[in-house]
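Participant: My structure is below; once you've seen it, I'll send some questions.
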Amino acid sequence: MIAQPKASHFVNGCWMEDTAGAPIDVLYPATGAVIARVHEATAAVIDAALASAKAAQTDWAARKPVERGRILRRAADLIRERGDALARLETLDTGKPLQETLVADWPSGADALEYFGGLVASVTGESIPLGGDFAYTLREALGVCVGIGAWNYPSQIACWKSAPALAMGNAMVFKPSEVTPLGALELAQIFMDAGLPAGLFNVVQGRGSVGAGLVKDPRVAKVSLTGSVPTGRKVYAAAAEGVRNVTMELGGKSPLIIFDDADLDSAVGAAMMANFYSAGQVCSNGTRVFVQKAILPAFLRALAVRAEKIILGDPLDMATQMGPLVTAAQVDKVMGYVDGAVAQGARLVTGGKRDGMFVQPTVFADVTDDMILAREEVFGPVMAVLAFSDEDEVVSRANDTDFGLAAGVFTADLTRAHRVIGALQAGTCWINTYNLTPVEMPFGGAKLSGVGRENGKAALDYYSQIKSVYVGMGPVDAPY
Ligand code: NAD
């Protein structure tokens, strides 16, 4: 299987290669086969990408918003037309089953392009009466934005960042994760085919050092990162040097709280979606599942039965429900957490074994708040189930974490649902469902999980700035 792109980078509307950059082999996680090789961006490639973005951005920002939006909506249509091939490539790049990549990854990216393409023409400023004089505001583009992606939803991330950025009149230089470099290049081609002028969406490959090189460049006005908290800290600090705008979409250890009046089947299904989709490699996963004591035995029984039926296998087989993890290092890391949980006294309910690059859907019960499994992001198919007695207790335990990405609550009591959500420290919350992230709804984290929001109308604020204009209508009254 070969998925070699035409070149490593896409700069100023053209494929670009520079083999002086260190090679990055792209592995199909399911087999370990090398499916492509790209090269890290050299300083010359980074410079060319930023220069072309800078040169193209002013004209783009001057276009009517409806025209910019039309191109983005065309790109959304092209993604849908090419959906099967794009899903297959995403599966090769990430190892996620076709069953998911056909419906989740690129389709969600297309939604973002369609949504922001349609929304941007309705963005307006305000007019402020000042008693004769008046002021008005304009929402202007920031300039050149850098997007840096994680490997778990590579193409969705590229779309979620570029759609609001381009809609508002910015240019973007995007660096995908070195683990999954392929999807963003396809997006660059799609944008060109949709009529996006050259230079507005560039893709450069590389590891963290390439990202760091982009972030510190004086031509850059904004950085949007999706990644881990340690990387977020570094990128945020580097962006601060140039007082650049940031969006930080970072990690989580989100609580999913299930009260004893909840619909058990739905709660079990949601807990599985919150831990096993994409083999657990989802930032917003509800990895601390708090279950009220009265229903705990029934919950664990139903969960084990369903978890053991999950079909692991060839990601390209439409019957496969869970693929391998993305890298061998990730498998090792996840198994370290599994072994650590056993050593700390958690009870293994099901799973817990690896088979090459695959990790079984794993459930631990009797997890306590101080266990590492309850405190650190695992990023694999490992669910921690914690017992609780009452509402106040579970809210304070749920909030006892430095993360604040997401949270969920299952209950039939609507007042309690809203009260609990109101008390949880998290940016993205669900009631009686989990992990649905429609483009219409802002997405992002509180506390260490992030700064800023993607999606929804809110995202446009993070890709624009307000210009205030005071209009004097009379003579100037100077005191001297
Ligand atoms: P990572 O932090 O290792 O890498 C993320 C990206 O940052 C990569 O492209 C990497 O090359 C780049 N990078 C690394 N060091 C850098 C530096 N010093 N300067 C600039 N760029 C640098 O994360 P990952 O392992 O690719 O992804 C998994 C993490 O991403 C998890 O913690 C997960 O929770 C998080 N994530 C968050 C969201 C969200 O929306 N909140 C979504 C997906 C993943």
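Any read-out appearing in this document is the output of simple, stated calculations on the displayed coordinates, not a laboratory observation. Computed from a predicted model, the values in this text were never measured in an experiment. Positions of Cβ are backbone-derived with ideal geometry, glycine not excepted, and every protein chain shown enters the neighbour counts.
Participant: Among Pro197, Ile310, Phe358, flag the residue with its Cα farthest along the positive direction of the charge dipole of the chain, charges on Cβ as +1 for Lys/Arg and -1 for Asp/Glu.
Facilitator: Pro197
Participant: Return the FRET efficiency for the residue pair Ala328, Glu140: r is the Cβ-Cβ distance, R0 is 56 Å, and the value is rounded to the nearest 0.05. All intermediate terms of the calculation are to be shown ahead of the outcome.
Facilitator: On the way: r = 46 Å, r/R0 = 0.82.
For Ala328 and Glu140, the calculated efficiency is 0.75.
Participant: Could you put Leu405, Leu166 in order, starting from the residue whose Cβ has the fewest other Cβ atoms within 10 Å? Intermediate values should be presented prior to the final figure.
Facilitator: Working: Leu405 26, Leu166 29.
Ascending number of Cβ neighbours within 10 Å: Leu405, Leu166.
Participant: How much FRET efficiency would the formula 1/(1 + (r/R0)^6) give for Asp263 and Thr124, where r is the Cβ-Cβ distance and R0 is 51 Å, rounded to 0.05? Numbers along the way, then the final one.
Facilitator: Values: r = 43 Å, r/R0 = 0.84.
Here the calculated transfer efficiency is 0.75.
Participant: Now for a different question. For Ile257, list long-range residues whose amide hydrogen, built 1.01 Å from N in the peptide plane, is under 5 Å from its own amide hydrogen.
Facilitator: Distant-sequence amide H within range of Ile257: Phe290, Gly408, Val409, Phe410.
Participant: Related question: For segment 345-475, would you read off the P(r) tail past 23 Å as a percentage of all alpha carbon pairs? All intermediate terms of the calculation are to be shown ahead of the outcome.
Facilitator: Details: 4252 of 8515 pairs.
Value for segment 345-475: 50 percent of Cα pairs lie more than 23 Å apart.
Participant: Is there a quick way to get the dipole size of segment 175-320? I mean about its Cα centre, with the Cβ of Lys and Arg at +1 and of Asp and Glu at -1; what is the value in debye to the nearest 20?
Facilitator: Values: 14 positive and 13 negative charges, 144 e Å.
Computed charge dipole of segment 175-320: roughly 700 debye.
Participant: Evaluate the charge dipole of the chain about its Cα centre and quote only its size in Debye, nearest 20, assuming +1 on the Cβ of each Lys and Arg and -1 on the Cβ of each Asp and Glu.
Facilitator: With only Lys, Arg, Asp and Glu charged at Cβ, the dipole is about 680 debye.
Participant: In addition: Have a look at Val229, Pro176, Val409 and report the one farthest towards the positive end of the charge dipole of the chain, computed about the Cα centre with Cβ charges (Lys/Arg +1, Asp/Glu -1).
Facilitator: Value: Pro176.
Participant: Based on the alpha-carbon set only, what is the convex hull volume of segment 338-401 divided per residue, in Å³? Don't skip to the answer; put the middle values down first.
Facilitator: Values: hull volume 5.2 nm³, N = 64.
About 82 Å³ per residue, rounded to a whole number.
Participant: Find which of Ala53, Ala22, Gln99 sits farthest along the positive direction of the dipole of segment 19-100, computed with +1 on the beta-carbon of Lys and Arg, -1 on that of Asp and Glu, about the Cα centre.
Facilitator: Ala53
Participant: With each pseudo-label sitting 7 Å past Cα toward Cβ, what's the Val34-Lys353 distance in nm, one decimal?
Facilitator: 3.3
Participant: Another one. Once every Cα of the chain carries one equal point scatterer and solvent is ignored, give the base-10 log of I(q)/I(0) from the Debye formula at q = 0.12 Å⁻¹, two decimals.
Facilitator: Result of the Debye calculation: -1.03.
Participant: Further, regarding this structure: Got the relative contact order for the chain handy, in percent, Cα pairs under 8 Å and 6 or more residues apart? Don't skip to the answer; put the middle values down first.
Facilitator: Numbers: 1133 pairs, mean separation 82.3, N = 480.
Relative contact order, the chain: 17 percent.
Participant: Relative contact order for segment 275-326 using alpha-carbon pairs under 8 Å, separation at least 6, rounded to a whole percent? If you can, show how the numbers build up before the last one.
Facilitator: Numbers: 35 pairs, mean separation 18.4, N = 52.
Relative contact order comes out at 35 percent.
Participant: Then there's this: Roughly what angle does helix 65-81 make with the longest principal axis of the chain, taking Cα atoms, 0 to 90 degrees, to the nearest 10?
Facilitator: With rounding to tens, the tilt is 40 degrees.
Participant: When only Cα pairs under 8 Å and 6 or more residues apart are kept, what is the percent relative contact order across segment 137-210? Mind showing how you got there, number by number?
Facilitator: Working: 108 pairs, mean separation 24.8, N = 74.
Relative CO of segment 137-210 lands at 33 percent.
Participant: Continuing with this model, one more query. Taking other Cβ within 10 Å of each residue's Cβ, how do Ser108, Ser177, Ser228 sort, fewest first? Write out the running numbers ahead of the final one.
Facilitator: Values: Ser108 20, Ser177 24, Ser228 15.
Ranking Ser108, Ser177, Ser228 by Cβ neighbours within 10 Å, fewest first, gives Ser228, Ser108, Ser177.
Participant: Moving on to the next point. Under the rule of -39500 (n - 2.57) per DSSP H run of 4 or more residues, summed and divided by the residues of the chain, what mean residue ellipticity at 222 nm is obtained, to the nearest 500 deg cm²/dmol?
Facilitator: Rounded to the nearest 500, it is -11500 deg cm²/dmol.
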